[in-house]
Structure formats: structure tokens, C-alpha cells
Amino acid sequence: MTKLAIKVDVDTLRGYREGVPRLLALFNKHSIKASIFFSFGPDNSGKAIRRIFRKGFISKMMRTKAPSTYGLKTLMYGTLLPAPLIVPSAPEVFVQACLEGHDCGVHAWDHVLVQDEQAKLTKEDFRALFDKAAEMFEKLSGKKPTSYAAPGWQVSQMTFEVQQELGLEYCSDVRGYSPFLPVFEGKEYRPVQIPTTLPTMDEIYGLPGVDDRTMPGQWLMGMDKEWNVLTVHAEMEGMSKLNVLDRFFRLAKQRGVEFFTLRDYAHTCDAKPCVIKMGTLIGRAGTLAVQEETQNG
């Protein structure tokens, strides 16, 4: 049996209001439960232009046709336009995801701030941002969040400390190959990490031989792990590339792939300690958290 968990990152207002409802309908069509991580607060996407100096950022923006994918208005939020609040703009979308039984968690209060300015945040800053998102999560769902996925796979010692203090069930902050207990800068933490194992669409789309037609096959070929995890984005697979994701699901089911949530993985895996390092991946600008390879990895 090939296992696959779908992780959805919701980064922007447009992705939330337009992409998430379309993804929920697609999941319902294929009887799939996903793990969906929401950015709750301001959409400051326009401030991401500061990443222009990172190696690979401009080429990624061109490959993925970012202006049409994200929308010109989105690319001005927080700079030329005020930053709108994401979940408060249409709380019923988040509520629907919860009511339909998806594994919902916190992505961020301010996605761009946490991804780009993490080195400047104190532990108290990060905890306060998480608490703002958690308060809204609980107010709308009636439950406290029990999972977190780091924006841009950015981590630090203080993020792991906060996660452990909160007593979360699992987190998904890392790229890797199997569930593990994080060891960062010489210290072991809880809870278990469920890493993304497959390349994201925005990392490989537009590379030689990778387009709408071949994308599903790229993912299927990469599903050679016991614990496969694909991260999709509400702004991309939930909108202009929804048909690509639809076809991937059909092909995966034809091949006998069974779908799980990250929470399912967290409850059934036998996680061992493994080191996290900051590294790079093809198609992604800057560094991100990567599970260190072991002899058995």
C-alpha cells in the first residue's frame, strides 16, 4: 500500500476565499480528508517582494507566473494596499473545513512576517502571534489547535520551544522523508514532526519537462517513501491548477494510493530522533528546514 497525506497551506486572502472552497469541493469529490493550515491574520503578500534578493526568487516568480497566479491585488497587499485580515473576511470558509472533518491547524497569524522576519522575532513575539491565531481558531471551531506548520519551512530554537510548551500533537515544519522527533542545535524536542516529502508544484513547475500534463506523473514517481506527504497551496492548486490536482488524485487512486492526514501519521508512526539542519532545495529561494539524512533514511 502506498500512503499519501495532502497538506494544504493557506497563505493569502485570495487563496483562502477562492482556493479553499474549490479544494474542499475537490476533496469531497474524491473522498479525501486533508490537513489544512490556515493563515488567520493580515495578508501582507506585497512585502514578500523583499525576497527579490534571494537566489532563485525571480526565476520562481517567472516560472509560476506569479502575478496571474496570485493576482495583482494580492501582490500589493501590505504595501500599496492595506493588508486585509484573511479568516475574519469569511469565517464560514474555515468553519466549513472543520465541519467537513479535515485536519485543520495553524499556519500563521501573519505569514510573511513569520517567514521573512523570524530571526528578528523573540520567543514572546512568536508565542503572541501563535496565540492570536489560536484564539480565532478556538472561537470559530470550538477547539484549540493541536498542530502547526511553519511558513516557508522556517524554524528556530524558539519555535520548537513554543511548540513543546503548547503541547501540540504534531507539527509540519520540515522537508524530509519520514516522521521524527526533532533535534535542533543539539537539543531534542516534542512533538513529532511530519515532513513534506514531495516537491511542491511551485518548486518544479516550469522546469524542463514539467508542465500541467506531466506534473501528476512527477509526483507519482516521487512517492517512494513509507510516509509520503504532498504540500499544495490554496493559491495555486486551489485555483488555476485545480484541474492538475484533480487528475493527480484520479491517477493516484487508480494506482491504489490510500489517503491519510498528517494527524493519522502522527498517531501511527514510530518516530525516532533526527537532526534538523538548514539547507536548500531545487526550485526554492533561500534556505529552509531539512531533515538530515541517516543511514536508514
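Of note:
- Flag not set for LEU168, criterion: closer than 30 Å to ALA90 by Cα, among the aliphatic types (A, V, I, L, M) and open to solvent by 40 Å² or more (accessible area, probe 1.4 Å).
- Test: residue in segment 36-57 that is open to solvent by 10 Å² or more (accessible area, probe 1.4 Å), out of contact with any strand residue (DSSP E or B) (no Cβ under 7 Å at 6 or more places or on another chain) and at pLDDT 95 or above: no
- Candidate set: segment 252-262, residues that are open to solvent by 50 Å² or more (accessible area, probe 1.4 Å) and more than 17 Å from the chain's Cα centre (by Cα); chosen: the one farthest from ARG22 (Cα to Cα): ARG255
- Of all the residues in segment 80-123, those that are free of Cβ contacts under 8 Å to residues at least 12 places away in the same chain and closer than 23 Å to LEU168 by Cβ number 2.
- Strands (runs of 3 or more DSSP E) wholly inside segment 232-297 containing at least 3 residues that are more than 14 Å from TRP219 (Cβ to Cβ): 272-279, 288-291
Listed here are the residues, each with its yes/no results for (1) among the acidic types (Asp, Glu); (2) open to solvent by 20 Å² or more (accessible area, probe 1.4 Å); (3) touching a Leu at 6+ places or on another chain (Cβ under 8 Å); (4) more than 20 Å from ALA285 (Cα to Cα).
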position: VAL192; (1), (2), (3), (4): no, no, yes, yes
position: GLY206; (1), (2), (3), (4): no, yes, no, no
position: VAL210; (1), (2), (3), (4): no, no, no, no
position: MET215; (1), (2), (3), (4): no, no, no, yes
position: MET221; (1), (2), (3), (4): no, yes, no, yes
position: ASP224; (1), (2), (3), (4): yes, yes, no, yes
position: VAL232; (1), (2), (3), (4): no, no, yes, no
position: GLU235; (1), (2), (3), (4): yes, no, no, no
position: VAL244; (1), (2), (3), (4): no, no, no, yes
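The rows are residues; the columns are (1) outside any strand (DSSP E or B); (2) in contact (Cβ under 8 Å) with a residue 12 or more places away in the chain; (3) β-branched (Val, Ile, Thr).
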{"site": "THR159", "(1), (2), (3)": "yes, yes, yes"}
{"site": "SER178", "(1), (2), (3)": "yes, yes, no"}
{"site": "LEU181", "(1), (2), (3)": "no, yes, no"}
{"site": "PRO208", "(1), (2), (3)": "yes, no, no"}
{"site": "ASP212", "(1), (2), (3)": "yes, yes, no"}
{"site": "PRO216", "(1), (2), (3)": "yes, yes, no"}
{"site": "TRP219", "(1), (2), (3)": "yes, yes, no"}
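- Residues in segment 258-288 that are within 22 Å of CYS104 (Cα to Cα) and of a type outside the set (S, T, N, Q): GLU258, PHE259, PHE260, LEU262, ARG263, ASP264, TYR265, ALA266, HIS267, CYS269, ALA271.
- Contacts under 6 angstrom Cβ, first residue in segment 268-281 being polar (S, T, N, Q), partner surrounded by 13 or more Cβ atoms within 10 Å (Cβ to Cβ), 6 or more apart: THR280/THR287
The values are calculated or read from the model by the stated rules, or taken from the named source; none is laboratory data. On a predicted model such as this, the values are computed, not experimentally measured, just so you know. Using ideal geometry, Cβ is built from the backbone for each residue, glycine included, and neighbour counts are taken over all protein chains shown. Remember, those area values only see protein heavy atoms, side chains included, never the ligands or the DNA or RNA. Shrake-Rupley method; radii C 1.70, N 1.55, O 1.52, S 1.80 Å.
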